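So the structure is just underneath, and the comments pick up after that.
No lab work stands behind these numbers, since they all come straight from the coordinates. All of these numbers come straight from a predicted model, not from anything done at the bench. Neighbour counts are summed over all protein chains in view; Cβ atoms, including those assigned to glycine, are modelled from backbone coordinates with ideal geometry.
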């Protein structure tokens, strides 16, 4: 079950970190978690107006990645073609619905959607959270994540990526939070999974969030803190053998923008199988940002 | 993360205890309002049976091949957890005491309240990577009201946990059937049951009911999830088939089980056209269109049946000859031949059923290539000139041939040494969707038959009436011999 990105050393460290936070929680009489200290709401989309997502906040990334300069499959051998059609993305009954369909479209066998706040809402630091009900099934790979707004000048991974929530549809009780940067990306990223003990992520809505400051990124699910990433940690985790001098650099100190998407297939989840039911939808009740 | 959860749990428990202390003495609900409840004991077997009947393992019927002597044992040399497990030795095909291992475990009391659980779970390992034919719960040898089975559970040589979902736990408020299994010899070569299978062994441990919370994507099914459309007659009955229930487990894998019909609630979109009984039988009561759907609990089932009824079924005309003047094979107006079998032999993919309208039964053959209507003792038709058969052609343009087969003086179906067979081609007389009464002279059965007959020349030991078609659908009624 262990997520393959995690190495043992990371996990041990995480346990220590969580243990430390547990102590502080134990002493905290009002049960206010450290992760949820920021309460000044600066952006919220409650998805209360039916139709296309609010164009003042969201833009679409369309296609298979080639238009964005990536190899087909968004650099991960993903199988979907992203569109802005209501079949793939719409707001209805108070939720944003992002749907992966099995259909032939522009040379792909699946369609889906990927929306971002690039150029419309970008923020450095703060608390980013979304309340989401996830789909399920082998090959379904939804995510709620942030990218640094300078990837055109400082190509990934130098521009930084904060994956607030990623999920594989064939592991319906597990989500994971990850950061990517120089020397710690792809298979060497710093990541941790969070497993529900008596529930699943496709049965109901759950809140996924981070609180991000100058020297920390705290990950939580439904108010449970499960990962704290610091400059010291990424420096220790980074692979430095033969890598550039900036391997392990903390790059999470500039504005980032939000991305929501549902990928189909790709290197991480593998392709859908015969048991995968289509369509599959991710339901987003809200996206909120505090500082 | 786990620690945090435990911490919260402890807090919740403490809070619960405080609430018990505070509110424990309040009694604002009368005793009369409290329904009788049964224990909710989860464990079925840990290191020993938990609350089961004294005989613990109760075998399925030995007459069906179940071995009651050699298969079941609690052992101390193997276990997933604790000290003991259940060892089941699946017999070889030639075991004189039976080749199947299977039975149930029953609650020793009046039953358990399982409504707080969402799955039966157990651990198993096997001597080889064989498949458990079925495993489940709900069979109690009494009412068998809520059985559920999963078929084809692939075991491994390592201890592995298996999860059998409960379709609607809320109905299991007094359940005695706590576990059931069936295992057959291992078909190593995968070439079907032919006696070359081998015996094998598997172990079961930690059998219990659990509230896992990790079962999702409940998908009940009727008609195997298909949306069927059918034209029917008023007065006909249709049994809802293809019942299933699929969920997605925490492992990400789907698990399908086959629940009793009693887990389902059936609905008709128009009860003036069709009604559905609790046991899943659709009764067509009026003209029009109705859609039959189902649910388990609040979850709608995949699959439906849309029926359109256009009037009542018209039965074949009743024969008017007195019984003393006919030799009847099959008719509601007379006595059928003893041991009548409307499918004594037939092509493999035929569908044979009998249907009753207004108390009058007829036979329906679908995809008919050949079928023999047989009976116990050969009959002498030498005193009769004709045979009568009522036929309704259902499929357009199909051929229809009637054959008679005589066993000969030895009275045995052993070729045409002493017997004979002949056919009569009635294709040209049939009218689609209408009953046609064929009165065929016995002397007309002169055609060669599919079975090698060259014409009917013997008449004292008729053993079969045979119908032949090119995969057509026909209805048959009132087969009798008479004098014209």
- How high is the FRET efficiency from residue B:281 to residue A:37, r the C-beta distance, R0 60 Å, rounded to 0.05? 0.45
- Treating the angle as unsigned and between 0 and 90°, give the value, to the nearest 10°, between the Cα long axis of helix A:8-26 and the longest Cα principal axis of chain A. 70 degrees
- Rounded to the nearest 10 degrees, what's the angle between the helix B:2-23 long axis and the longest principal axis of chain B, both from Cα atoms, 0 to 90? 80 degrees
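Within 10 Å of each residue's Cβ, count the other Cβ atoms and sort A:180, B:386 from fewest upward.
Numbers: A:180 25, B:386 17.
Going from sparsest to densest Cβ surroundings: B:386, A:180.
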- Message: Highest mean first, how do B:254-265, A:62-73 rank when packing is the count of other Cβ atoms within 10 Å averaged over residues?
- Response: B:254-265, A:62-73
- Task: Enter the mean number of other protein chain beta carbons within 10 Å of the beta carbon of each residue in B:210-216, as an integer.
- Result: 5
- Query: How many angstrom separate the Cα center of the stretch A:46-125 from the Cα center of the stretch B:453-484?
  - Reply: 69 Å
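Hey, got the average number of other protein chain Cβ atoms within 10 angstrom for residues in B:243-254?
Working: counts 0, 0, 0, 2, 0, 9, 3, 11, 5, 11, 3, 6.
Per residue, the average neighbour count from other chains is 4.
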- For peptides B:168-180, B:412-424, A:137-149, sequence by mean Cβ density within 10 Å, most packed first: A:137-149, B:168-180, B:412-424
- Task: Assign one of three labels to chain A, namely rounded, prolate or oblate, based on the Cα gyration tensor with a ≥ b ≥ c the square roots of its eigenvalues; rounded applies when a/c is under 1.5, prolate when it is not and a/b is larger than b/c, and oblate otherwise.
- Result: rounded
- Task: Would you mind pulling out the separation of the Cα centroids of the stretch A:177-240 and the stretch B:373-445, in Å?
- Result: 80 Å
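So what is the calculated 222 nm ellipticity per residue for the protein assembly as shown, using -39500 (n - 2.57) for each DSSP H run with n of 4 or more, over all residues, to the nearest 500 deg cm²/dmol? Let's see the in-between values first.
Working: 3 runs with 48 residues, N = 775.
Computed mean residue ellipticity for the protein assembly as shown: -2000 deg cm²/dmol.
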